[in-house]
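Worksheet: the structure to be examined is printed underneath.
Since every read-out is calculated from the coordinates, none of them should be taken as a lab result. Keep in mind that this is a model prediction, so the values were computed, not measured. Positions of Cβ are backbone-derived with ideal geometry, glycine not excepted, and every protein chain shown enters the neighbour counts.
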Amino acid sequence: MSEFSIGLISCGNMGKSLAQQAVTIDGARLACCCDIDADKAQAAASQFESDFCTSNDELFARDDIDGVIIAAPNFLHKDITVAASQAGKHVLCEKPMALSKADCQAMIDATNAAGVKLMIGQVLRYNPPYVWIDELFKSGEMGEPFSMQVTRQGGGWTGGTYDAPWRRKKETCGGPLYEINQHEIDFMRCIMGNVASVAALTGNFVSQDEFDYEDTATVLMGFESGGQGCLLGGHSALLGRYDGKIYATKGTLYFSAATGQVEYVIKGQEAKTVPNSEITGYEAGVRREVREWMEACLNNTEPPIPGEEGRANVEIAEAADISAREGRIVQLPM
Ligand SMILES: NC(=O)c1ccc[n+]([C@@H]2O[C@H](COP(=O)([O-])OP(=O)(O)OC[C@H]3O[C@@H](n4cnc5c(N)ncnc54)[C@H](O)[C@@H]3O)[C@@H](O)[C@H]2O)c1
């Protein structure tokens, strides 16, 4: 395989995870780590044996870089993607794709105009047990899913690995439906298909001193298939909970993200419990997304998670904001 040279934009938590996997892929070369924080750029460069810089423009100006991985704070994804594509670089952008559907569209338009590939890092769908569950439903054995409920409720950011000033403001983070729960929205779409309507209630009950957006969100989704979905997300739990239920015409499945265990039954068969230790053999999700993006760039094929997927997920978060604010059901596409 030809060599593919990568520039990393932002060397925080996720940037380092992406770099760690990128350097394990045959043919991938991490050429340069960039961050406005010179210490972080330098530390990542020394860990991954690359050059470093503190200006995205400097990275874009390098002829030897084929594509950039964008792991910057959410509010920067749109402008950095547009600038990268104008410089002729392929883009793998972290979720959430952006903080509005309009910004997602601008990213799609910019990459299309430049003839570069755009993939969104919706990695949850590649991680066990989600990838296993997705395969089970795609096999048809469970029949048609008609109802799905996911709860992902955790605590706040304070003092944790992910605490950063940009995560504490709606304007720069978006809130739970854009930040954490973009993963669950994406997974619900993987199982249930596209969303046709959204109704939501949101509120900040216990986190007013910590951030300026909702800490609790209840989102109902009507799917194009006629199926129903409910997502409970946010940061207001003293005891975190992360699990889901899927009801289908030939089966029922429950999963716990905490234990990675899946329980399911198919009509006419015995119920099964599959512990996480038996859900094995999958490539690390982050490695798979970087590899598939790189292969799409090298082979000039459509990336498996293109901008349209990220846009659909952001549109649901935006519709939930509108629904909660205006007290109405929002029909999609907006
Ligand atoms: N896929 C996942 O599971 C997952 C997990 C964590 C984070 N993320 C996503 O990754 C992104 C980054 O999150 P994080 O936890 O790494 O954040 P972080 O705060 O740890 O890192 C952000 C980095 O961006 C740098 N930065 C700020 N402005 C910049 C600019 N203009 N240009 C370049 N760099 C700049 C900061 O100096 C910092 O090093 C977010 O979009 C987040 O949603 C995804």
Within-15-Å neighbourhood charge of Lys40 [Cβ basis; K, R +1; D, E -1]:
-3
Find out how many positive minus negative residues lie around Lys267, taking Lys and Arg as positive, Asp and Glu as negative, among other residues whose Cβ is under 11 Å from that of Lys267.
0
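Could you order the peptides 282-294, 41-53, 156-168 from most to least packed, using the average number of other C-beta atoms within 10 Å per residue?
Numbers: 282-294: 20.9, 41-53: 18.0, 156-168: 13.2.
Answer by packing, highest mean first, reads 282-294, 41-53, 156-168.
Under the classification rounded if a/c is under 1.5, otherwise prolate if a/b is larger than b/c and oblate if not, where does the stretch 1-129 fall, given a ≥ b ≥ c as square roots of the Cα gyration tensor eigenvalues?
Numbers: a/c = 1.36, a/b = 1.24, b/c = 1.10.
Judged from the Cα gyration tensor, the stretch 1-129 comes out rounded (a/c under 1.5).
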Computed FRET value (nearest 0.05) for Cys230 with Val265, which takes r as the C-beta separation and R₀ as 22 Å:
0.55
With the cut-off at 1.5 for a/c, could you classify the stretch 12-69 from its C-alpha gyration tensor as rounded, prolate or oblate?
oblate
Projecting each Cα onto the charge dipole of the chain (Lys/Arg +1, Asp/Glu -1 at the beta carbon, about the Cα centre), which of Ile70, Gln149, Ile305 comes out farthest on the positive side?
Gln149
Roughly how far apart, in whole Å, are the Cα centres of the stretch 218-285 and the stretch 302-334?
22
Under 8 Å for C-alpha pairs, at least 6 residues apart: give me the relative contact order for the chain, rounded to a whole percent.
19
The stretch 5-74 versus the stretch 84-138: alpha-carbon centroid distance in Å
18
Would you work out which of Thr24, Val219, Thr81 lies farthest towards the positive end of the dipole of the chain, given +1 charges on the beta-carbon of Lys and Arg and -1 on that of Asp and Glu, about the Cα centre?
Val219
Fully extended contour minus Cα-Cα distance, from Asn194 to Ala164, at 0.36 nm per residue
7.6 nm
With θ set to phi - 60°, apply the Karplus curve 6.51 cos²θ - 1.76 cosθ + 1.60 along the stretch 304-312 and write out the HN-Hα couplings as whole Hz, x wherever there is a Gly or Pro.
x, 10, x, x, 4, 5, x, 4, 4
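Could you tally up the Lys pairs in the chain with alpha carbons closer than 12 Å? Skip any pair fewer than 8 positions apart unless they're on separate chains. Before the final figure, lay out the partial values.
Numbers: Lys16/Lys40; Lys78/Lys95; Lys78/Lys101; Lys89/Lys117; Lys250/Lys267.
Here the count comes out as 5.
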Over the chain: helical MRE at 222 nm, DSSP H runs n ≥ 4 each giving -39500 (n - 2.57), nearest 500
-10000 deg cm²/dmol
